[in-house]
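Structure first, then comments.
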Amino acid sequence: MDTTPAQAGAAARGARTASRLLAVAVVPATVLALAGPAAAHVTVTPSTTTAGADAVLAIGVPHGCDGSATTAVTIRIPDQIHAVAATRHPLWVVEKETVELDPPVTDSHGNTVTERVASVTYRTDQPLPDGDRDVFELGVQIPEAEGSTLAFPVIQTCEQGEAAWIEIPEGAQSPEELDQPAPAFVVTAAGAAQQPVSATDTLTAANAAGAPASARESGGDSPLLAAGALAIALLGVMLGGAAVVQQRRRA
């Protein structure tokens with residue numbers, strides 16, 4: 001059966017549209033593939049990394065323990081941080097563990113501090129389902145330790161089992177080689193550009209600079225990246241669909 005010029009033109013336009021659709025879909029899929037692994041880790045996102053500044057740390061827990069719901073999250077506080085103000089959460093009870101300081105230290109206000117918060121635990125009797133995520137906020141003062149890495153090991157307790165996000169890279173080891181790295185970030189100087197909050201990025205930078213390597217992956221691709229990638233994917237599908245409809249109308 002012979003093909004008319006109009007039919008041939010419509011077929012060519014359809015092929016071009018399909019190619020564009022494929023290209024649009026491939027980019028978001030690639031972004032999501034890169035974001036996925038980081039999003040699977042517990043993360044720490046500081047409002048600032050500046051030495052001496054007051055900051056709010058957002059600890060993100062993205063999933064349970066191998067399918068089991070989360071019942072408690074214990075966050076270990078670095079030795080350099082003495083005071084912690086835990087943000088109250090309507091579904092969780094907050095518990096603090098304190099230890100004595102020997103010798104005592106003087107804080108930025110001239111007060112003598114004899115003990116510090118060693119860990120903060122959020123506990124609930126309404127377990128967080130494996131498919132849901134939650135964020136826990138801690139108010140702290142970033143220590144005057146420019147270039148050092150602050151790690152916040154996290155123990156995630158579930159109805160069945162637990163996940164210990166406590167691994168710290170040694171020497172030139174990359175955080176990407178760790179299965180359950182501890183969330184961490186690098187302290188920056190006043191006026192300096194803020195460091196990435198991903199443990200993968202910050203620890204790699206710290207190791208390269210010879211700074212102390214205490215850390216765990218923060219979820220480098222943060223949830224915002226995953227959400228952005230999903231939005232791009234949806235937009236691509238919508239645009240592609242609109243293009244197909246337009247081509248069919250022209251044909």
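The values are calculated or read from the model by the stated rules, or taken from the named source; none is laboratory data. Source: prediction; values computed, not measured. Virtual Cβ from ideal backbone geometry, glycine too; neighbours counted across all protein chains shown.
Just need a number here: residues in the stretch 63-85 that are among the hydrophobic types (A, V, I, L, M, F, W, C) and under 19 Å from the mean Cα position of the chain (by Cα).
Qualifying residue count, the stretch 63-85: 5.
I'm trying to understand the selection: among the residues of the stretch 62-78, which are under 13 Å from Glu162 (Cα atoms) and out of contact with any Lys or Arg (no Cβ under 6 Å at 6 or more places or on another chain)? Talk me through it step by step, then tell me what you get.
As a first pass, look at the stretch 62-78 and keep what is under 13 Å from Glu162 (Cα atoms): 63-74.
Once the filter is applied, which keeps residues that are under 13 Å from Glu162 (Cα atoms) and out of contact with any Lys or Arg (no Cβ under 6 Å at 6 or more places or on another chain), the stretch 62-78 yields His63, Gly64, Cys65, Asp66, Gly67, Ser68, Ala69, Thr70, Thr71, Val73, Thr74.
Assess whether Val61 counts as being in contact with a Phe, Trp or Tyr (Cβ under 7 Å, 6 or more places away or on another chain), of a type outside the set (Phe, Trp, Tyr) and more than 12 Å from Val140 (Cβ to Cβ).
no
This table checks each residue for (1) in contact with a Lys or Arg (Cβ under 6 Å, 6 or more places away or on another chain); (2) in a strand (DSSP E or B); (3) crowded, with 24+ Cβ neighbours inside 10 Å; (4) not assigned by TED's automatic domain parsing to the domain that holds Ala58.
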{"site": "Leu150", "(1), (2), (3), (4)": "no, yes, yes, no"}
{"site": "Ile155", "(1), (2), (3), (4)": "no, yes, no, no"}
{"site": "Ala172", "(1), (2), (3), (4)": "no, no, no, no"}
{"site": "Glu176", "(1), (2), (3), (4)": "no, no, no, no"}
{"site": "Asp179", "(1), (2), (3), (4)": "no, no, no, no"}
{"site": "Phe185", "(1), (2), (3), (4)": "no, yes, yes, no"}
